[in-house]
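To start, the structure itself, in structure tokens.
Values in this text are rule-based calculations from the coordinates and carry no lab data. Everything numeric here is computed off the predicted structure, so don't read it as measured data. Neighbour counts are summed over all protein chains in view; Cβ atoms, including those assigned to glycine, are modelled from backbone coordinates with ideal geometry.
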Amino acid sequence: MSASAKIVLRKKPNANGLYPLAIRITKNRRSTFKHVGHYIDIEDWDEKKLEVKRSHPNADILNNLLSTKLSEVRKGLITLQTEDKDASARQIKTEIYKPTSSLTFFDYADEHLQALEAEKKINRHSADSAWIGYIVKFSKSRQLTFQEIDDRFLRKFKIYLKGPTALSETSAMNVMVLIRLLFNRAIKDKVISKELYPFGIGKVKIKFPETVKIGLNQQEIKNLESIDKLSDVERHSLNIWLYSFYFAGMRVSDVLFTRWSQIYDGRLHYRMGKNSKLLSLNIPDKVAKILEEYVFEKSSDDDFIFPEMRKADLTNAKDIYNKTKTATKKLNDNLKSIMKKAGINKKVTMHIARHSFGNIAGDSIHPLMLQKLYRHSDLKTTINYQANFIHKEADEALNRVINF
């Protein structure tokens, strides 16, 4: 059976209630659609004539565009028939809109990893290398094209990630985000057509599961501040955790890289490792007491306050990454025994210092000020983050209903 092409108005409105114009390719009663990139009101579509009505202000332009697009598709169908290629409707669409470049998905993946390495984003490089490894194992070929990564491929791939590889939903979504990133770059470079983009409305959706952020409360922090009978390594690990907490949940990599030269005029001045922002924070009395414990180790103003990074090769991004990762693991291991001695049953890691600050801040501090303390670039990020720790209104509403 030969394939056919027809102009249609798809009955799937966008957020504004407008409907997409498309070319429908059909073979063996199976259809696929090529959207032309324009939306109209359903009243402006003539279902019998298969054209945009005169009631639409751009009717002539749109009808000419539709005629051109339909002609392109029909020419492609004739070519395939001439070459005696038997294919499904989806394969026909892929064949007609095949790329003008021979670059594969993994060509873009390799370029992405090379850029991360050049920018010394070793943490991100390590994670994305692992995600790309899963794609290689699933596809069983490094010649995978963007055209092969369609809705069906991604659905099967997600089953693979959550089945044989046993990845969490969050990790599986991170792999999908990477695939989407590479698709967007290929489309921007005009290597592939936007029609082949497999994500979005009516296609594959990337939705991260909600996570529960648990921080310590004021009493638990007080318990940690007054705890005794700790070993030297436990006391050191607790100092670093509290140092992070007192500075609004400073990331552990930034904590380990703070130097004595960054402290002057009663303030800490440093550049964030994550986004290179320059910050200046007042040194609380509680931080000053921690610093006193490390002054005797100071060899120069440019020395690190904490010892973990003193032997790192600061010209080698991989060595810095490995030593930071090793130090963080040791700190987290020590925190387990510290929490047990403090009678705290929550799972506490270095990152929980950030959650703990958010939990205690609650809704008592203006979001704009929290944005500054958290060093977020976008206020929306701060509001979404802080929503994890604000329960007062919901609790009061619940009590008003059940307390009768």
Applying a 10 Å radius around every beta-carbon, put 253-263, 138-148 in order of their mean neighbour count, most first.
253-263, 138-148
Cut-off 13 Å between beta-carbons: net charge of the residues surrounding residue 47, Lys and Arg +1, Asp and Glu -1:
+2
Given the range 222-361, report the % of alpha carbon pairs whose separation exceeds 19 Å.
51
Semi-axes of the range 157-281 from the Cα gyration tensor (sqrt of 5 times each eigenvalue, largest first, whole Å) come to 43, 23, 13
Modelling each spin label as a point 7 Å along the Cα-to-Cβ direction, I'd like the residue 15/residue 35 distance in nm, to one decimal.
1.3
Rank-order 239-252, 181-194 by packing density, defined as the average count of other C-beta atoms within 10 Å over each peptide's residues, highest first.
239-252, 181-194
Sorted from largest to smallest, which semi-axis lengths in Å does the alpha carbon gyration tensor of the range 2-71 give for its equivalent ellipsoid, taking the root of 5 times each eigenvalue?
20, 14, 10
Taking R0 as 22 Å, what's the FRET efficiency between residue 136 and residue 166 from their Cβ-Cβ distance, rounded to 0.05?
0.80
Please report the projected area of the range 148-210's Cα convex hull averaged over all directions, in nm².
4.5
Amide H contacts of residue 40 (H built 1.01 Å from N, under 5 Å, at least 5 apart or other chain):
19, 21
At 7 Å along Cα-to-Cβ for each site, give me the label-to-label distance between residue 232 and residue 46 in nm.
9.0
How much FRET efficiency would the formula 1/(1 + (r/R0)^6) give for residue 218 and residue 289, where r is the Cβ-Cβ distance and R0 is 22 Å, rounded to 0.05?
0.75
Residues in the range 199-218 reached by a label modelled at residue 341 [backbone nitrogen below 20 Å; 7 Å Cα→Cβ]:
216-217
Once residue 300 and residue 53 are pulled to full extension, the length gained, defined as 0.36 nm per residue separation minus their Cα-Cα distance, is 81.0 nm
Which of the pairs 27/53; 75/194; 120/346 have their Cα atoms more than 32 Å apart in this structure?
120/346
Estimated FRET transfer efficiency when R0 is 56 angstrom, pair residue 265-residue 126 (beta carbons, to 0.05)
0.90
Regarding the range 105-196, what are the three Cα extents along the principal axes, ordered largest first, in Å?
33, 33, 22
At a Cα cut-off below 18 Å, give the lysines reachable from residue 48, other chains included and same-chain residues fewer than 8 away excluded.
6, 11
J(HN,Hα) series, the range 145-156, from Karplus relation 6.51 cos²θ - 1.76 cosθ + 1.60, nearest Hz, glycine and proline x:
9, 4, 4, 6, 8, 9, 4, 5, 4, 5, 5, 5
Remind me, what semi-axes does the range 1-40 give for its equivalent ellipsoid, largest first in whole Å, using sqrt of 5 times each Cα gyration tensor eigenvalue?
23, 9, 6
Summed residue charge, Cβ within 13 Å of residue 140's Cβ, Lys/Arg positive, Asp/Glu negative
+2
Quick one, what does Rg over Rh come out to for the range 274-353 if you take C-alpha atoms and the Kirkwood Rh?
1.00
